[in-house]
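Right, one structure below, let's go through it.
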Amino acid sequence: MKAANKAALASKKQTKAPAAHGVGRRKAAVARVWLRHGTGTGTVLINGKDYTTYFDTEIAKRSIQRPFKAFSQAMQYDVSANVCGGGLHAQADAVCLAVSRALLLVEETARPALKAEGLLTVDARVKERKKYGQKAARRRFQFVKR
């Protein structure tokens with residue numbers, strides 16, 4: 001039992017301290033991202049899974065890759081993300097924003113490249129609330145003349 005505890009503690013000590021932390025939001029999704037100096041492969045873990053298995057659509061996977069393609073030195077960092085709320089596409093956009101913000105804290109030279117791709121802009125669009133006396137936000141009940 002003690003050997004197992006020592007092995008668990010040794011593996012925790014080997015993890016590197018985070019270089020930067022970033023938060024991104026999109027609709028109801030919130031992503032908290034930590035960048036660590038990595039092996040140069042640029043691994044991305046989301047809720048403990050690789051991003052290619054976590055996100056099932058190609059659009060969501062491309063959204064995660066956008067900060068790495070805009071700023072090539074970002075590949076030297078490993079990304080660990082904790083995401084909750086919203087749908088998968090909103091979560092992918094939230095992770096993209098969080099990675100971009102964390103990259104700015106580590107590499108200030110990344111700002112022009114990230115800004116040119118529009119990765120530092122918050123997409124503040126959310127679903128409009130339903131109004132009373134109506135079917136939805138703008139949809140109304142069918143008018144009955146008689």
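Simple spin-label estimate for residue 116 and residue 59 gives 2.7 nm between the two label positions (7 Å along the Cα-to-Cβ direction from each Cα). The reciprocal of the average 1/r between distinct C-alpha atoms defines the Kirkwood hydrodynamic radius, which for the chain equals 17.2 Å.
Assuming 0.36 nm per residue, please report the length gained on full extension of the stretch residue 21 to residue 136 beyond their Cα-Cα distance. Before the final figure, lay out each step's value.
Working: separation 115, 0.36 × 115 = 41.40 nm, distance 3.83 nm.
Length gained between residue 21 and residue 136: 37.6 nm.
The sum of -39500 (n - 2.57) across all DSSP H runs of n ≥ 4, divided by the residue count of the chain, sets its helix-only mean residue ellipticity at 222 nm to -11500 deg cm²/dmol. Note on residue 47 and residue 88: the model spin-label points, each 7 Å out from Cα along the C-beta direction, lie 1.1 nm apart.
What's the lysine pair count for the stretch 11-65 at a Cα cut-off below 19 Å, pairs eight or more apart or interchain? Lysine pair count for the stretch 11-65: 4.
Here, each number is a calculation from the coordinates, and none is a lab measurement. Because the structure is predicted, anything quoted here is derived from the model rather than measured. So basically every Cβ, Gly included, is an ideal-geometry build from the backbone, and we count neighbours across all protein chains shown.
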